[in-house]
Amino acid sequence: MGMRTHVIVATRNTHKVEEIRAILSDYEVLDLSAIVDPPEVAETGTTFVANATLKAMAISKLTDALVLSDDSGLEVDALGGEPGVYSSRYAGEDGNDARNNAKLLRELEGREDRRARFRCVMVLARAGEVLADFSGSVEGHILSGSQGEGGFGYDPLFVPEGYEASFAELGEEVKNGMSHRARALDGVVNWLSEVS
């Protein structure tokens, strides 16, 4: 086999990069550190696909490599789909998982409907042009308190359909086999295998 295709993931989230790298094992998966002084891309979109597109376009203008961006989050039915695109900054501070989880539990206090899904949209771009987009979701429900030490984000609160344990308890292998990100990546893998 010749040189492996490089894919740069347009995120600073190391957890996301590791999940993507585990699934795209046939490719050389790099994170934003592969780009000199990458810009902070403001996620001003109101949908996952809009934010993923903003990131993919901005980063792909700076490299010849394929760029993969991901925007994902948790949609809770009783909260009208919130936190949605604001999942990572739900409590006001970007990436503070403990505060985000605490806020979600407060918002759901006393509510019987705890249905939710993780949704992920991925966009592949090259040289400032979107090549394709993919999406995946996994249905489940929100617990009344955190369970498990693994994972990140809302993983300790989310139990996928058909399971009793949270994503944080199920472990990486199970999660990577069925998560919203894994499902979106299935589309990415198929697309890459057809073009390379």
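Summary table below
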{"item": "Least to most buried among Glu172, Glu161 (fewest other Cβ within 10 Å first)", "result": "Glu161, Glu172"}
{"item": "Inter-part distance where segment 18-93 and segment 133-189 are each reduced to a Cα centre, Å", "result": "17 Å"}
{"item": "Label-point separation, Glu149 to Asp26 (7 Å along Cα→Cβ), nm", "result": "3.7 nm"}
{"item": "Whether the chain is rounded, prolate or oblate, judged on the alpha carbon gyration tensor where a/c under 1.5 counts as rounded", "result": "prolate"}
{"item": "Candidate aspartates and glutamates for bridging to Lys55, where Cα separation is under 19 Å - those fewer than 8 sequence places away on the same chain excluded", "result": "Glu18, Glu19, Asp31, Asp37, Glu40, Glu43, Asp64, Asp70, Asp71, Asp94, Glu129, Asp133"}
{"item": "Within a Gaussian network of the chain (alpha carbon springs, distance under 10 Å), most fluctuating of Gly80, Gly177, Gly128", "result": "Gly80"}
{"item": "Listed residues Arg99, Arg119, Arg181, most fluctuating in the chain (Gaussian network, C-alpha, under 10 Å)", "result": "Arg99"}
{"item": "Theoretical gain in end-to-end length, His141 to Asn96 [0.36 nm per residue, Cα-Cα removed]", "result": "14.1 nm"}
{"item": "Of Arg106, Arg115, Arg183, the one that fluctuates the most in a GNM where the chain has Cα springs shorter than 10 Å", "result": "Arg106"}
{"item": "Nearest 10 degrees, 0 to 90: helix 97-108 Cα axis against the chain principal axis", "result": "50 degrees"}
{"item": "Arg111 versus Thr46: modelled label distance in nm, points set 7 Å from Cα along the beta carbon direction", "result": "2.0 nm"}
{"item": "Relative contact order [Cα under 8 Å, 6+ residues apart], the chain, whole percent", "result": "18 percent"}
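Readers should treat all values here as calculations from the given coordinates under stated rules, not as data from a laboratory. Given the structure is predicted, the values throughout are model-derived calculations rather than measurements. Quick reminder, even Gly has a Cβ in these numbers, built from the backbone with ideal geometry, and neighbours come from all protein chains shown.
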